[in-house]
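Worksheet for the structure shown next.
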Amino acid sequence: MSSAGEKQYYALALVQKLMDHLPSDMRVGLLYDIGCQLERSCRKWNFFDEAVLSRFEFAISVFHAYGHQWPCQVIYHPRKREGFGLLDGKGCERLWSSLKPLIAPLRVSGVHDHPLSLFSDLPFPPVSSTPVCPRSSSPPSGCQVINRFRPLAPTPMEALSGTQESC
């Protein structure tokens, strides 16, 4: 990053990477501060095929929607778009804001301290009693640790397949 400000190509790169990992029939809701301009650019400059664009649902984050023209608010406000529920589009900003106090201490700490510092503030799901490694008289090295700390939450791909079946 060489200049200040949000650039559309960062959002486009993230969306392209996301689409590389999703099933071809899954719909995607995009909440972006200038989602109206992002959709217009995608259609005008053919950044994505029409088949991919038809899977996108563009919206503007709630806070920014009121700064847009009335027609834009009516079309792109997440409360008026299907599938967004009560999302306000600021979840990532809240996460980064909550991690902000860690910037100064992590600048001077060693690389080995970074993951511990980041994960100490994040909530983790409860530990599962279901073993990952098979129980035997002499389990392979590391299996006791894996069995003890395996979360109940599904892996991202398991969660993805579950949502796909319920839709």
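Readers should treat all values here as calculations from the given coordinates under stated rules, not as data from a laboratory. Please read all numbers here as calculations on a predicted model, not as lab measurements. Methodologically, a virtual Cβ is constructed for each residue, glycine included, from the backbone with ideal geometry; neighbour enumeration extends over all protein chains shown.
Electrostatic tally near Leu87: other residues with Cβ closer than 11 Å to its Cβ, Lys and Arg +1, Asp and Glu -1, net +2. Of the GluC sites (Glu not before Pro) in region 7-101, the ones in a loop by DSSP (not H, G, I, E or B) with at most 16 other beta carbons within 10 Å are Glu82. Here the label points at Leu18 and Ser117, each 7 Å from Cα along the C-beta direction, are separated by 2.9 nm in the simple model. With each label modelled as a point 7 angstrom along the Cα→C-beta vector, the Ser109-Val52 pair spans 3.8 nm. Exposure proxy ranking for Arg94, Arg107, based on other Cβ atoms within 10 angstrom of each Cβ and starting from the fewest, stands as Arg107, Arg94. By other beta-carbon atoms within 10 Å, ranking Asp20, Asp88, Asp113 with the fewest at the front produces Asp20, Asp113, Asp88.
For Phe56, the residues 5 or more places off, or on other chains, whose built amide H falls under 5 Å of its own are Val28.
Taking the fewest neighbouring Cβ atoms within 10 Å as the starting point, the ordered list for Ser3, Ser61 is Ser3, Ser61. Taking the three principal axes of the alpha carbon atoms in region 1-121, the coordinate ranges are 48, 32, 31 Å, sorted in descending order.
Taking every alpha-carbon pair under 8 Å whose residues sit at least 6 apart, region 13-105 reaches a relative contact order of 25 percent.
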